[in-house]
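Some notes on the structure that comes next.
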Amino acid sequence: IEKMWQFALEQSALDRRVAGVGIVGARFNWVLGVIQRLDDSELTGAVDVDYIGNGHVAFYSARVLREFGLFHGELFFGNTEVEYGLRLCKNGYRLLANSSLWRQRRELQNRVGLQIRAAWTSKTDWRKYYVIRNHIYMLKTQGRYDLALFHAVFQSFVKPLLTFMRSPRQGLIALRQNTKASVDGLLGRLGKRVEPESAPRDE
């Protein structure tokens, strides 16, 4: 915390556009509409990112919070920090990650050289509903209706079909869950719409 606090002070003194800092972040791929992990070679100095991950010692400027506003509470759960980061960056603010602590964390967790593979089947629990809904809503509010529609179709039809091939029961659950999440995201139906304890979970 002490190291991150010093990092925050140093970076905000260099540039008043710095809205927040953290140990870990990521960039957003606007071609595919997905979060993109930074390569190990990119972890040098103060790293510009599109959002700071929750739980990674994030510091946000009180001045910026007063000027710009807070997190979108109606999202309820999932992608809240991504949505906020993208809004900040779109409005000319910067978010920075501490590369030395980030690399250190990757080394401690044996994640150096890690290649992330996209999941082609669906998880079926309440968390996934909110992640899908908020992702699609976020794309729409960023003006990328093409990506919002693409992800709605992919989540509502393609992933449930692939899940069905593995487990018919889970595929049907994914179809209902993902379709509801996609429609709610496109229509902007926010807030708590699925009770955390009521949604079916993966077996």
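Values as computed for the structure displayed
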{"read-out": "Top of Val82, Val158, Val24 by mean-square fluctuation, Gaussian network on the chain, Cα under 10 Å", "value": "Val158"}
{"read-out": "Set of lysines with alpha-carbon distance to Lys123 below 17 Å, sequence-local pairs under 8 removed", "value": "Lys159, Lys180"}
{"read-out": "Contour excess over end-to-end distance, with Cα ends at Arg166 and Ala13 and 0.36 nm allotted per residue", "value": "49.7 nm"}
{"read-out": "Contact order normalised by residue count of the stretch 83-180, Cα under 8 Å, 6+ apart, percent", "value": "25"}
{"read-out": "Among (1) 1, 7, 14, 17, 17, 15, 13, 9, 4, 2, 0, 0; (2) 1, 6, 13, 13, 12, 12, 12, 11, 9, 6, 4, 1, 0, 0; (3) 1, 7, 15, 17, 17, 14, 10, 8, 6, 3, 1, 0, the entry that matches P(r) over Cα pairs in 5 Å bins from 0, in percent as calculated here", "value": "(1)"}
{"read-out": "Percentage relative contact order, the stretch 1-139, counting C-alpha pairs under 8 Å, at least six apart", "value": "31"}
{"read-out": "Percent carbon-and-sulfur accessible area, the chain, ignoring ligands, DNA and RNA, probe 1.4 Å", "value": "56"}
{"read-out": "Candidates per trypsin sites (Lys or Arg not before Pro) in the stretch 115-152, loop by DSSP, up to 12 other Cβ within 10 Å", "value": "Arg117"}
{"read-out": "Loop-located chymotrypsin sites (Phe, Trp or Tyr not before Pro) in the stretch 87-122, at most 13 other Cβ atoms within 10 Å (DSSP)", "value": "Trp120"}
{"read-out": "Rounded to 10°, Cα long-axis angle of helix 80-90 versus longest principal axis of the chain", "value": "60"}
{"read-out": "Most to least packed among 103-113, 50-60 [average Cβ atoms within 10 Å]", "value": "50-60, 103-113"}
{"read-out": "Per residue accessible area in Å² of the chain, where ligands, DNA and RNA are left out and the probe is 1.4 Å", "value": "56"}
{"read-out": "Value of [θ]222 nm, deg cm²/dmol, for the chain, DSSP H segments ≥ 4, -39500 (n - 2.57) each, nearest 500", "value": "-14500 deg cm²/dmol"}
{"read-out": "DSSP beta bridges in the chain [antiparallel fraction, %, rounded to 5]", "value": "75"}
{"read-out": "Listed peptides 174-183, 40-49 by packing density, highest first (mean Cβ within 10 Å)", "value": "174-183, 40-49"}
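The values are calculated or read from the model by the stated rules, or taken from the named source; none is laboratory data. Remember, predicted model here, so these are calculated numbers, not experimental data. Virtual Cβ from ideal backbone geometry, glycine too; neighbours counted across all protein chains shown. We work out accessible area using only protein heavy atoms, side chains counted, and drop any ligands, DNA or RNA first. Shrake-Rupley method; radii C 1.70, N 1.55, O 1.52, S 1.80 Å.
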